[in-house]
Every structure is written in structure tokens, then in C-alpha cells.
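See below for the structure under consideration.
The values are calculated or read from the model by the stated rules, or taken from the named source; none is laboratory data. The model shown is predicted, which means the values in this text are computed figures rather than measured ones. Glycine gets a Cβ as well: all are built from the backbone with ideal geometry, and neighbour counts include every protein chain shown. Just so you know, the surface numbers come from the protein's heavy atoms only, side chains and all, with ligands and any DNA or RNA stripped out. Shrake-Rupley method; radii C 1.70, N 1.55, O 1.52, S 1.80 Å.
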Amino acid sequence: AIACLGEEVECGGPDSAANMVANASFETPALAAGGYAYANATAISNWATATGGFIARQNTAANTPWNSAGAAPDASHALIVQYGGSVVQTVTVAADGLYALSFFHFLRLNYPETPIKVYLGGVRLACFVNSAVQFAHQLYVSPPLFLKAGAYELRFEGDGGQSDRSSMVDLVCLAPPA
């Protein structure tokens, strides 16, 4: 429990039914089974990137050099964050209050661990070493965040100081705690 506005509140992860992130599992536009595309070739609906060569998506319905079949924890697509690539989406918080962010992450097939950074409203929310192997996905859940009503940029960013390493991200959720 935490104290918030003079009340004690129980907080869990974000309520997926109230998710404010559009295309949260990177399913649109759809790619063929096993297909992957860099963002500079195929845009990612509701997401933007200035580094399209280092941001991609993959449909994990079939084996590829990126992932084994079925590796995505939600549906069939996953985001690929490579080197110092970054991807952003503006989310709108309708009311002041507590919110939480969660997402699944895992590594490219047979590749080493790599840092991943997460920003919300220009503030670094998380920076950690992704060491989750495929089919042992890890779920990141933020502590409760008090956000004022307004627009916030949500950004995922890789680490440009590493060699060829990639993090996969899936099922991003920003919502009031469940």
C-alpha cells in the first residue's frame, strides 16, 4: 500500500482493460508468418521512430534468425529494438492519478544481454540489462506513477554502445493500476 492524496491505496500492475497505448503488441500492420521488417521499410501503426534502421517488427508465427516460432508473449508480433534505436508514441492521460507501465521483454535468439531504456514524458523511467531468453520472457512493471492529465511521450530505446544486440518488446500497457 502507498499513500496517495491522503489515502492508502493498494496498487498492482496496470489494468489491461484501460490500456492507453495503441497497437500495444505491434500487430499492425500485419506481417506474413515469420516475416520481419525494419521501420524505415514498413511503418509501425501508432508508433514513430527517427532510427528506422534499428527498429523493426517480427511476426513470430514461424522460425527466423530473430526468434523461434511462438516467441511473442502476446499474439504473434513483437517489436525489435536494436543498437541505439528508439521508438515513441504519445499517450494521453485523461485525469490526474496513479498509473503503471508494464511490458514484456526478451532477447534475440542466441544473442547476449543488452541494455534497454524506457522514458515517459522525457524522464527516464527505467534502464536495465535485458537478459531474458526466449520463452522465459520477463515482465517489467513500474512502481505506481502519479501523472497529471496531459500528453506524454512513451519511448523505448536501445544502447548504441553495444555490438549487434537486440531486445524484443511486446504487450506495452500504461493504465491505472489494477
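Relative to the current alpha-carbon distance between SER68 and GLU153, full extension at 0.36 nm per residue lengthens the span by 27.5 nm. Computed from the alpha carbon positions, the gyration tensor of the stretch 43-137 leads to an equivalent ellipsoid with semi-axes of 24, 15, 15 Å, biggest first.
Toward the positive end of the charge dipole of the chain, with +1 on the Cβ of Lys and Arg and -1 on the Cβ of Asp and Glu, the farthest Cα among GLY161, ALA61, PRO143 is that of GLY161. Between the labelled values [x] 0.94; [y] 0.98; [z] 1.01, the entry that holds Rg/Rh (Cα atoms, Kirkwood Rh) as derived from this structure is [y].
In a reduced charge model with +1 at each Lys and Arg Cβ and -1 at each Asp and Glu Cβ, the chain shows a dipole moment near 480 debye about its Cα centre.
Excluding ligands, DNA and RNA, the accessible surface per residue across the chain is 44 Å² with a 1.4 Å probe.
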